[in-house]
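J.: I have a structure here, written as structure tokens, and I will follow up with some questions on it.
The values are calculated or read from the model by the stated rules, or taken from the named source; none is laboratory data. For clarity, every value in this text was computed on a predicted model and none was experimentally measured. Here the Cβ positions follow ideal geometry from the backbone for every residue, glycine too, while neighbour counts run over all protein chains shown.
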Amino acid sequence: MSVADINIARMSATVITYHLRMGRWEPNARGRLEQAALELFGERGFEQTTAAAIAERAGVTERTFFRHYADKREVLFAGALVMKDLLVGAVAEAPASASPLEATAGAIAAVGAMMQQRRELVRQRQVVVDANPELRERELAKMSTLGAALTGALRDRGVGELTARLTAEAGIAVFRVAFDSWVNDPDAAELPDVVRASFVELKAVTSGE
């Protein structure tokens, strides 16, 4: 393992600590609505599931549902803002000595740690998204938004525009590959570890090793 690989591992651990300080997810009313929605999407299909049915399954009123979500699609995509804030915050907290790629790897591993805590819900969600073309399009748009946020966070660290964009796009690509491997393999390692291994592989490919 090279010094650069060790740095990526250390950065990932450092920024995951940043995420864990935010606290673990708890199934409050919003969480119960999410769980109920994913159950119903799996049982009935996305199109056949109504907000009223989700609220009933969660044990709350339909009015409560709409206090938390604008519509049933938002149940699947409300977490995008949390991911964005986590990425931006983790890059900002990366040590000044971290390279753009190291800061990016640590931030994406932190997102992986958050998802690892919600592994079954994340997998249920992905099944729903994969089965619906409209939802797949929105998922692509979400990833583009995260890439733009990551680019901005790197620029705020003083990284040049081209380097920031290339690093952010590479980071999002690594995340997508790592996530796809993890979410489809019940025996996969924990997502932060898959992310770190994928970044190490990227460095090997780009350096010609």
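J.: Whether any residue in region 47-68 is assigned to a helix (DSSP H, G or I), free of Cβ contacts under 8 Å to residues at least 12 places away in the same chain, under 30 Å from residue 158 (Cα atoms) and of a type outside the set (Val, Ile, Thr) is what I want to check.
T.: No; the residues of region 47-68 include none that is assigned to a helix (DSSP H, G or I), free of Cβ contacts under 8 Å to residues at least 12 places away in the same chain, under 30 Å from residue 158 (Cα atoms) and of a type outside the set (Val, Ile, Thr).
J.: From 146, 81, 140, which residue is under 25 Å from residue 34 (Cβ atoms), within 16 Å of the chain's Cα centre (by Cα), assigned to a helix (DSSP H, G or I) and in contact (Cβ under 8 Å) with a residue 12 or more places away in the chain? Spell out how you get there, then give the answer.
T.: Values: 81 fails: in contact (Cβ under 8 Å) with a residue 12 or more places away in the chain; 140 fails: in contact (Cβ under 8 Å) with a residue 12 or more places away in the chain.
Among 146, 81, 140, only 146 is under 25 Å from residue 34 (Cβ atoms), within 16 Å of the chain's Cα centre (by Cα), assigned to a helix (DSSP H, G or I) and in contact (Cβ under 8 Å) with a residue 12 or more places away in the chain.
J.: Could we say that residue 141 is at pLDDT 95 or above and closer than 30 Å to residue 40 by Cα here?
T.: Numbers: at pLDDT 95 or above: yes; closer than 30 Å to residue 40 by Cα: yes.
Yes.
J.: For region 142-151, state whether one or more residues are more than 16 Å from residue 83 (Cα to Cα) and crowded, with 18+ Cβ neighbours inside 10 Å. I'd like the intermediate steps shown before the answer.
T.: The initial filter retains those residues of region 142-151 that are more than 16 Å from residue 83 (Cα to Cα), namely none.
Checked against the condition, which is being more than 16 Å from residue 83 (Cα to Cα) and crowded, with 18+ Cβ neighbours inside 10 Å, region 142-151 yields no hits at all.
J.: Assess whether residue 166 counts as being closer than 20 Å to residue 93 by Cβ and assigned to a helix (DSSP H, G or I). Give the steps one after another, and end with the answer.
T.: Values: closer than 20 Å to residue 93 by Cβ: no; assigned to a helix (DSSP H, G or I): yes.
So residue 166 fails the test.
J.: Now, a different point. Across region 63-115, which residue is surrounded by the fewest Cβ atoms within 10 Å (Cβ to Cβ) among those that are of a type in the set (Phe, Trp, Tyr) and farther than 18 Å from residue 147 by Cβ?
T.: So the residue we want is 66.
J.: Can you tell me which of (1) touching a residue at least 40 places away in the same chain (Cβ under 8 Å); (2) closer than 18 Å to residue 81 by Cβ; (3) surrounded by fewer than 22 Cβ atoms within 10 Å (Cβ to Cβ) is the one residue 168 doesn't meet?
T.: (3)
J.: How many residues does region 121-161 contain that are within 22 Å of residue 198 (Cα to Cα) and not hydroxyl-bearing (Ser, Thr, Tyr)?
T.: Start the filter on region 121-161 by keeping residues that are within 22 Å of residue 198 (Cα to Cα), which leaves 122-123, 126, 139-140, 142-151, 153-154.
Subsequent filtering for residues that are not hydroxyl-bearing (Ser, Thr, Tyr) retains 122-123, 126, 139-140, 142-143, 146-150, 153-154.
Qualifying residue count, region 121-161: 14.
J.: Here is a further query. Which one of 178, 197, 189 is of a type outside the set (S, T, N, Q) and not in a helix (DSSP H, G or I)?
T.: On the way: 178 fails: not in a helix (DSSP H, G or I); 197 fails: not in a helix (DSSP H, G or I).
The conditions single out 189.
J.: Scan region 40-68 residue by residue and report those that are aromatic (Phe, Trp, Tyr) and more than 17 Å from residue 134 (Cβ to Cβ).
T.: To start, the set of residues in region 40-68 that are aromatic (Phe, Trp, Tyr) comprises 41, 46, 65-66.
Residues satisfying the conditions are 65, 66.
J.: Going by what's in this entry, would residue 125 be described as modelled with pLDDT of 95 or more, assigned to a helix (DSSP H, G or I) and surrounded by fewer than 21 Cβ atoms within 10 Å (Cβ to Cβ)?
T.: Values: modelled with pLDDT of 95 or more: yes; assigned to a helix (DSSP H, G or I): yes; surrounded by fewer than 21 Cβ atoms within 10 Å (Cβ to Cβ): no.
In short, no.
J.: Within region 90-122, can you find the residues that are within 21 Å of residue 162 (Cα to Cα) and assigned to a helix (DSSP H, G or I)?
T.: Within region 90-122, 90, 91, 92, 100, 101, 102, 103, 104, 105, 106, 107, 108 meet the criteria.
J.: Scan region 177-192 for residues that are touching a Phe, Trp or Tyr at 6+ places or on another chain (Cβ under 7 Å) and within 14 Å of residue 111 (Cα to Cα) and report the count.
T.: The first filter runs over region 177-192 and keeps only residues touching a Phe, Trp or Tyr at 6+ places or on another chain (Cβ under 7 Å), leaving 188, 191.
From the residues that got through so far, the ones that are within 14 Å of residue 111 (Cα to Cα) too are 191.
Here the count works out to 1.
J.: Look at residue 151 and say whether it is in contact (Cβ under 8 Å) with a residue 24 or more places away in the chain and in a helix (DSSP H, G or I). Even if it seems obvious, please write down each step before you answer.
T.: On the way: in contact (Cβ under 8 Å) with a residue 24 or more places away in the chain: no; in a helix (DSSP H, G or I): yes.
The answer is no for residue 151.
J.: Any residue at all in region 23-45 that's modelled with pLDDT under 55, surrounded by 12 or more Cβ atoms within 10 Å (Cβ to Cβ) and out of contact with any Cys (no Cβ under 7 Å at 6 or more places or on another chain)? Lay out the reasoning, then the answer.
T.: Keep residues of region 23-45 that are modelled with pLDDT under 55, which gives 23-27.
From the residues that got through so far, the ones that are surrounded by 12 or more Cβ atoms within 10 Å (Cβ to Cβ) too are 25, 27.
Now drop any that are not out of contact with any Cys (no Cβ under 7 Å at 6 or more places or on another chain), which leaves 25, 27.
Checked region 23-45: at least one residue is modelled with pLDDT under 55, surrounded by 12 or more Cβ atoms within 10 Å (Cβ to Cβ) and out of contact with any Cys (no Cβ under 7 Å at 6 or more places or on another chain).
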